[in-house]
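Q: Can you read through this structure? Questions will come right after.
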Amino acid sequence: MVRIQFAIDLLYDVSFPGTDFVFNIHAAPTLYQRIVDERLQLNQPLPSILQTDPASQARYLRLSAPAGQLQVSYQATLDIDQHVGDPDGISETPVARLPLAALTYIYPSRYCQSDRLGVLAMKEFGDLPKGYRRVEAIQNWVRRQVAFRSNSSNANTSALDTLTDRVGVCRDFAHLMIALCRALSIPARFTTGIDFGADPALGPTDFHAYVEVFLDGRWYLFDPSGTAIPMGFIRIGTGRDAADVSYATIFGSVSSPPPLISVSALSAPGQPWEIPRHRSEALSTDASPALAA
C-alpha cells in the first residue's frame, strides 16, 4: 500500500460573467483507491456541484463564475492498494468474453485512430504470444520510437501525428500505445493522474497521462512515456482518450498560468505504507465488476 498526498491549484482571469467550468481534478474513489482526506477551496462563494460518473468513478466539479479572478484549490490524501500480478501468467481476454464496460475501449476514438494502425500492429506484434508481455512489448516499442520533449505537441496531436513526428509528451505516448492495443482488439483506456517520480529536469510537477489495459479481468497500469513511477499513480479520470478527461473544460473566455501541482508519498514507523518504486510485476488498481464483487 502507498499513501499519496497531492495538491492542485488553478487560477483563472475570467473575461465575461457566466463563464462555465467543468473540472476533473478530484481523486476517483474506487475499491483500490481510498480517499483518506480531501478539501476543495474556491476564492469566492460560488454555487457548485460535484457529480460522479458511475462507470469510471471520475468526479466532475461544475460551476459558473463571474468576471474577475477565480482560484480553485484541491488537496487530497489517498491510500492506494495495488493488485500485484505475475506478468507471465496474465492473458488477454477474447472480445467475446469482454465485460460490457470494456467494449468501448476497443473502438477507434478521436485521438486514437486504431482502425488505421491494424497493418502496423500486426506486423510488429501480431506474432507475439498474447498476454501481458505482448502489451509490454507495445509499450516498449512506443518508448523506442518516440522521444519525450516538452511542448512538442498540441491539443490537436493524435496517435497518427505522433507516429509521424516521433516526438511528444505523455499524452501522445499514451494515445499511440492505446491505438496500437485497440488495433489488436485489446481494450485500452486513457487515464489521468500526476507524474509522481518524474525527473525534475523535465519541468515542474504536472498532470500525467498513462494507460490502463484490460487483461485477464483487470485493468493493468502502463506508462509508455516512462517518465514517472506507476506504483505512485493516482487515478483522477479515465476515458477513451484525452478528449474525455481534460482537467478543465471551459465555456467562455479566460486566461490562466499553468497549474501548480505538488505530490508526495508518505511514510511513518509502524504504518504499512511503501515508498513507490519501479517494479517488474504487473500492477492493477481496478478490476472488472464481476471480479470486484
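Q: Can you tell me which of (1) closer than 21 Å to residue 229 by Cα; (2) assigned to a helix (DSSP H, G or I); (3) at pLDDT 95 or above is the one residue 201 doesn't meet?
A: (3)
Q: Given (1) in the same structural domain as residue 132 (by TED's automatic domain parsing); (2) surrounded by fewer than 21 Cβ atoms within 10 Å (Cβ to Cβ); (3) under 19 Å from residue 7 (Cβ atoms), identify the lone condition not met by residue 264.
A: (1)
Q: May I pose another question? Out of the residues in the range 170-198 that are outside any strand (DSSP E or B) and among the basic types (Lys, Arg), which is farthest from residue 230 (Cα to Cα)?
A: First, the residues of the range 170-198 that are outside any strand (DSSP E or B): 170-187, 195-198.
Within this subset, residues satisfying the condition of being among the basic types (Lys, Arg) are 171, 182.
Numbers: 171: 15, 182: 21 Å.
Restricting to residues being outside any strand (DSSP E or B) and among the basic types (Lys, Arg), the top hit is 182.
Q: Quick check on my filter: what residues within the range 143-155 are out of contact with any Lys or Arg (no Cβ under 9 Å at 6 or more places or on another chain) and either assigned to a helix (DSSP H, G or I) or under 18 Å from residue 247 (Cβ atoms) (or both)?
A: To start, the set of residues in the range 143-155 that are out of contact with any Lys or Arg (no Cβ under 9 Å at 6 or more places or on another chain) comprises 143-144, 148-152, 154-155.
Selection gives 143, 144, 150, 151, 154, 155.
Q: Any residue at all in the range 242-260 that's within 17 Å of residue 4 (Cβ to Cβ), in a loop (DSSP other than H, G, I, E, B) and among the polar types (S, T, N, Q)?
A: Looking for residues that are within 17 Å of residue 4 (Cβ to Cβ), in a loop (DSSP other than H, G, I, E, B) and among the polar types (S, T, N, Q), one finds none in the range 242-260, hence no.
Q: For the range 125-158, which positions are touching a helix residue (DSSP H, G or I) at 6+ places or on another chain (Cβ under 7 Å), closer than 20 Å to residue 199 by Cα and surrounded by fewer than 17 Cβ atoms within 10 Å (Cβ to Cβ)?
A: Answer for the range 125-158, where residues must be touching a helix residue (DSSP H, G or I) at 6+ places or on another chain (Cβ under 7 Å), closer than 20 Å to residue 199 by Cα and surrounded by fewer than 17 Cβ atoms within 10 Å (Cβ to Cβ): just 150.
Q: Can you give me the number of residues within the range 159-190 that are closer than 18 Å to residue 101 by Cα, crowded, with 24+ Cβ neighbours inside 10 Å and not aliphatic (A, V, I, L, M)?
A: 5
Q: Hey, can you tell me all the residues within the range 278-293 that are modelled with pLDDT of 95 or more and either surrounded by fewer than 10 Cβ atoms within 10 Å (Cβ to Cβ) or outside the structural domain of residue 191 (by TED's automatic domain parsing) (or both)?
A: Residue satisfying the conditions is 280 alone.
Q: Only one of 7, 28 is within 24 Å of residue 278 (Cβ to Cβ) and outside the structural domain of residue 179 (by TED's automatic domain parsing); which?
A: So the residue among 7, 28 that is within 24 Å of residue 278 (Cβ to Cβ) and outside the structural domain of residue 179 (by TED's automatic domain parsing) is 28.
Q: In the list 205, 191, which residue meets the criterion of being farther than 16 Å from residue 277 by Cα, among the hydroxyl-bearing types (Ser, Thr, Tyr) and under 10 Å from the mean Cα position of the chain (by Cα)?
A: Only one candidate passes the filter, namely 191.
Q: Taking the conditions exactly as written (within 18 Å of the chain's Cα centre (by Cα) and either over 30 Å from residue 268 (Cα atoms) or not hydroxyl-bearing (Ser, Thr, Tyr) (or both)), does residue 148 satisfy them or not? Steps first, please.
A: Values: within 18 Å of the chain's Cα centre (by Cα): yes; either over 30 Å from residue 268 (Cα atoms) or not hydroxyl-bearing (Ser, Thr, Tyr) (or both): yes.
Yes, satisfied.
Q: Also, quick follow-up: Does at least one position in the range 210-233 carry a residue that is over 18 Å from residue 99 (Cβ atoms), assigned by TED's automatic domain parsing to the domain that holds residue 162, part of a loop (DSSP other than H, G, I, E, B) and β-branched (Val, Ile, Thr)?
A: Restricting attention to the range 210-233, the residues satisfying the condition of being over 18 Å from residue 99 (Cβ atoms) are 210-211, 221-233.
Cutting the leftovers down to assigned by TED's automatic domain parsing to the domain that holds residue 162 gives us 210-211, 221-233.
Restricting the remaining residues to those that are part of a loop (DSSP other than H, G, I, E, B) gives 223-229, 233.
With the extra rule that they be β-branched (Val, Ile, Thr), the set shrinks to 227, 229.
Yes, that holds for at least one residue.
Q: Right, here's the next one. On the given criteria, is residue 23 more than 16 Å from residue 252 (Cβ to Cβ) and modelled with pLDDT of 95 or more? Give the steps one after another, and end with the answer.
A: Details: more than 16 Å from residue 252 (Cβ to Cβ): no; modelled with pLDDT of 95 or more: yes.
So residue 23 does not fit the description; no.
Q: Right, next: Of everything in the range 37-60, what is of a type in the set (A, V, I, L, M, F, W, C) and closer than 14 Å to residue 7 by Cβ? Give them in sequence order. Talk me through it step by step, then tell me what you get.
A: Step one: list which residues in the range 37-60 are of a type in the set (A, V, I, L, M, F, W, C), which gives 40, 42, 46, 49-50, 55, 58.
Answer for the range 37-60, where residues must be of a type in the set (A, V, I, L, M, F, W, C) and closer than 14 Å to residue 7 by Cβ: just 40.
The values are calculated or read from the model by the stated rules, or taken from the named source; none is laboratory data. Since the model is a prediction, treat every value here as computed from it, not as a measurement. With ideal geometry, Cβ positions are generated from the backbone for all residues, glycine too; neighbour counts draw on all protein chains shown.
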